[in-house]
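Enquirer: I have a structure I would like to understand better, so I am pasting it below and will then ask my questions one at a time.
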Amino acid sequence: MFVVTLSFAAVPSSANAADWRAEGKGELTYPSGRKESIDFGFAYVKHFDTHIFKAGEAQLRTNEVPPNYILNVIVNDEGLIYVAEFANGFFKSFDLTIGTHTLSVYPRGSFDADKPYKHLVFELDDRSYIVDTTHPTLKFEFDENGINEIKGSGLIKDLSIRRSQ
């Protein structure tokens, strides 16, 4: 009887451990200088006999934490960026704190019309990257506690910024 009670107590505890929220707040800046707030986060919460995974305004019923979520970024010919989950048009930069992570994208250096993405910098937590494509992506990887890591594709480590160790 003692062993059964311990096993029973451990089941709800581990099931509840999978519920998590990673609230996201930030700001984007349009070319005109106008700023707009960003409200984009993730959640995995129990709802009756199933779970709901939320990414921004979208939600999906599921029985397990999705392994990842990919945020697609588009860079146009003018070097402006578009993220469908953030805005209805192109913008110049954004900053977002999501859970314990930080993301920033901003222009640095001179604009090159032949490679309109080369002047953009992505900062993911404490790492800085330059853009190497007009379609970079940000991949949010999840575990049972929330966002485990954020990785980028179409990005090259920015060696021009040296951080003290």
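The values are calculated or read from the model by the stated rules, or taken from the named source; none is laboratory data. Predicted, not measured: the structure shown is a model, and the values here were computed from it. When we count neighbours, we look across all protein chains shown, and the Cβ atoms used for this are built from the backbone with ideal geometry, even at glycine. Accessible surface is based on the protein model in full, side chains and every heavy atom, while ligands, DNA and RNA are left aside. Shrake-Rupley method; radii C 1.70, N 1.55, O 1.52, S 1.80 Å.
Enquirer: Looking at region 31-66 only, could you name the residues that are of a type in the set (A, V, I, L, M, F, W, C), under 15 Å from the mean Cα position of the chain (by Cα) and assigned to a strand (DSSP E or B)?
Expert: Ile38, Phe42, Ala43, Phe53, Ala55, Ala58
Enquirer: Further question: Those residues that are outside any strand (DSSP E or B), open to solvent by 70 Å² or more (accessible area, probe 1.4 Å) and either in contact with a strand residue (DSSP E or B) (Cβ under 6 Å, 6 or more places away or on another chain) or touching a residue at least 24 places away in the same chain (Cβ under 8 Å) (or both), I need them from region 86-115; list them, please.
Expert: Answer for region 86-115, where residues must be outside any strand (DSSP E or B), open to solvent by 70 Å² or more (accessible area, probe 1.4 Å) and either in contact with a strand residue (DSSP E or B) (Cβ under 6 Å, 6 or more places away or on another chain) or touching a residue at least 24 places away in the same chain (Cβ under 8 Å) (or both): Phe90, Lys92, Thr100, Arg108, Phe111, Ala113.
Enquirer: Being surrounded by 12 or more Cβ atoms within 10 Å (Cβ to Cβ), farther than 23 Å from Pro116 by Cβ and either touching a strand residue (DSSP E or B) at 6+ places or on another chain (Cβ under 6 Å) or among the polar types (S, T, N, Q) (or both) is the filter here; which residues of region 52-80 pass it?
Expert: Of everything in region 52-80, those that are surrounded by 12 or more Cβ atoms within 10 Å (Cβ to Cβ), farther than 23 Å from Pro116 by Cβ and either touching a strand residue (DSSP E or B) at 6+ places or on another chain (Cβ under 6 Å) or among the polar types (S, T, N, Q) (or both) turn out to be Ile52, Phe53, Lys54, Ala55, Gln59, Thr62, Val65, Pro66, Asn68, Tyr69.
Enquirer: Are any of the residues in region 67-84 out of contact with any Leu (no Cβ under 9 Å at 6 or more places or on another chain), free of Cβ contacts under 8 Å to residues at least 60 places away in the same chain and assigned to a strand (DSSP E or B)?
Expert: yes
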